[in-house]
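The values are calculated or read from the model by the stated rules, or taken from the named source; none is laboratory data. Everything numeric here is computed off the predicted structure, so don't read it as measured data. We work out accessible area using only protein heavy atoms, side chains counted, and drop any ligands, DNA or RNA first. Shrake-Rupley method; radii C 1.70, N 1.55, O 1.52, S 1.80 Å.
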Amino acid sequence: MRTEFKLLGPNNTIEVERFDDPDVQGISCYLSYSQIGGISGAVGLAEEASEASVACRQTGEVVFDPAEVEEQEVIFSQRRSALFKNMRVVRMHDAETQTFVYLTYSTKLVDGSPKNAITAVHYGELGGGQ
């Protein structure tokens with residue numbers, strides 16, 4: 001989705017992409033983030049914004065091996081600048097409430113960003129397992 005026209009190079013956009021949790025079948029996550037255009041964006045030198053949003057949903061039967069799913073694990077990483085900046089999604093497993101929590105944030109070599117987004121997917125039976 002275009003957010004700003006650039007005379008030279010690609011436009012500034014908001015990108016939305018889906019990825020499936022690599023260790024938990026039946027959960028898909030949707031990320032939205034800005035993409036800088038222009039000449040610096042075209043050649044990969046733009047310093048991308050730290051803001052991102054994540055929404056994860058149950059898209060099928062949730063199947064996973066508890067021995068394979070860590071309590072906290074980076075499940076997605078994407079480079080956001082030419083030097084030292086990445087956007088990550090971390091999955092946290094709250095076994096007590098049978099919920100997966102997904103957190104997105106950005107890292108930087110010297111100074112990360114406190115900007116983040118969170119979503120959760122409950123996979124257990126509601127209402128006492130009836």
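Scanning the range 60-80 for residues that are open to solvent by less than 80 Å² (accessible area, probe 1.4 Å) and either over 18 Å from the mean Cα position of the chain (by Cα) or at pLDDT 90 or above (or both) returns Gly60, Val62, Val63, Phe64, Asp65, Val69, Glu73, Val74, Ile75, Phe76, Ser77. For the condition at pLDDT 60 or above and open to solvent by 30 Å² or more (accessible area, probe 1.4 Å), Ala49 qualifies.
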